[in-house]
Amino acid sequence: MAAISDLSQLLAGMEPSLREGVWVFGILPAGVPLDAEGIVASIREAEGMSVVMEEAAALRAGVLPVFRAAWITLTVHSDLEAVGLTAAFSAALGEAGISCNVVAGTHHDHLFVPVQKAADAMAALRRLQAANAQP
C-alpha cells in the first residue's frame, strides 16, 4: 500500500495500536557496546547515545531508565512528507494532559506516552480518529 499524505485520510485511518510491555528512554553508558537487543530507536547526542528500549533489556544492559513509556503505533502508512498529523495527535494528547515523544518510522508513527497514561492516550487518539472518520 502506498504511503498516505492527505491529512484527513491519515486521521481517519490512523488506527492506534498499543503494544504490550514497558519501554524506556535512557542513555547508553560510556564504553558499553551498542547491543541491538531490545533497542527500538537510538540517536547520538552530544551527551551520549540515547536509546528507546524494552525495559527489561535496558536494565540488563545497564541503561538507567529516564522515562517509562507505553508504545502506541499509528498503523496507518503515513508519508514521511505528510503535513499536520503530528500536530493533530499532539494537540489531542496535549488537551488530555498527556506528554508524547514521537519516533517516525518509514511506514508508521510511534508514540511513547507515560506508561500510566496509556489508556487515556488511546482514548484521546480514538476520539481524534472518530472525529475525522468518513461518513
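This table checks each residue for (1) under 30 Å from Gln134 (Cα atoms); (2) free of Cβ contacts under 8 Å to residues at least 12 places away in the same chain; (3) in contact with a helix residue (DSSP H, G or I) (Cβ under 7 Å, 6 or more places away or on another chain).
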residue: Gly13; (1), (2), (3): yes, no, no
residue: Ala30; (1), (2), (3): no, no, no
residue: Pro33; (1), (2), (3): no, yes, no
residue: Glu37; (1), (2), (3): no, no, yes
residue: Ala41; (1), (2), (3): no, no, no
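Could you check region 1-58 and list, in sequence order, the residues that are closer than 23 Å to Ala69 by Cβ, of a type in the set (D, E, K, R) and exposed (fewer than 15 other Cβ atoms within 10 Å of the Cβ)?
Those that are closer than 23 Å to Ala69 by Cβ, of a type in the set (D, E, K, R) and exposed (fewer than 15 other Cβ atoms within 10 Å of the Cβ): Glu15, Arg19, Glu20, Asp35, Glu37, Arg44, Glu45, Glu47.
Considering (1) in contact with a Ser or Thr (Cβ under 9 Å, 6 or more places away or on another chain); (2) touching a residue at least 60 places away in the same chain (Cβ under 8 Å); (3) part of a helix (DSSP H, G or I), say which one Ala88 fails and leave the rest.
(1)
Touching a strand residue (DSSP E or B) at 6+ places or on another chain (Cβ under 9 Å), over 20 Å from Gly105 (Cβ atoms) and at pLDDT 90 or above, is that true of Val24?
Values: touching a strand residue (DSSP E or B) at 6+ places or on another chain (Cβ under 9 Å): yes; over 20 Å from Gly105 (Cβ atoms): no; at pLDDT 90 or above: yes.
So Val24 fails the test.
Among what's in region 59-77 and is within 14 Å of the chain's Cα centre (by Cα) and either assigned to a loop (DSSP other than H, G, I, E, B) or basic (Lys, Arg) (or both), pick the residue that is surrounded by the most Cβ atoms within 10 Å (Cβ to Cβ). Steps first, please.
Just the residues of region 59-77 that are within 14 Å of the chain's Cα centre (by Cα), to begin with: 67-76.
Right, trim to either assigned to a loop (DSSP other than H, G, I, E, B) or basic (Lys, Arg) (or both) and you get 68, 75-76.
Numbers: Arg68: 16, Thr75: 14, Val76: 23.
The residue in question is Val76.
Suppose we keep only residues that are crowded, with 18+ Cβ neighbours inside 10 Å and farther than 15 Å from Leu11 by Cα within region 78-120. Which one would you say is nearest to the chain's Cα centre (by Cα)?
Phe112
The values are calculated or read from the model by the stated rules, or taken from the named source; none is laboratory data. This is a predicted model, so every value here is computed, not measured. Ideal geometry is used to build each Cβ from the backbone, glycine not excepted, and the neighbour counts take in all protein chains shown.
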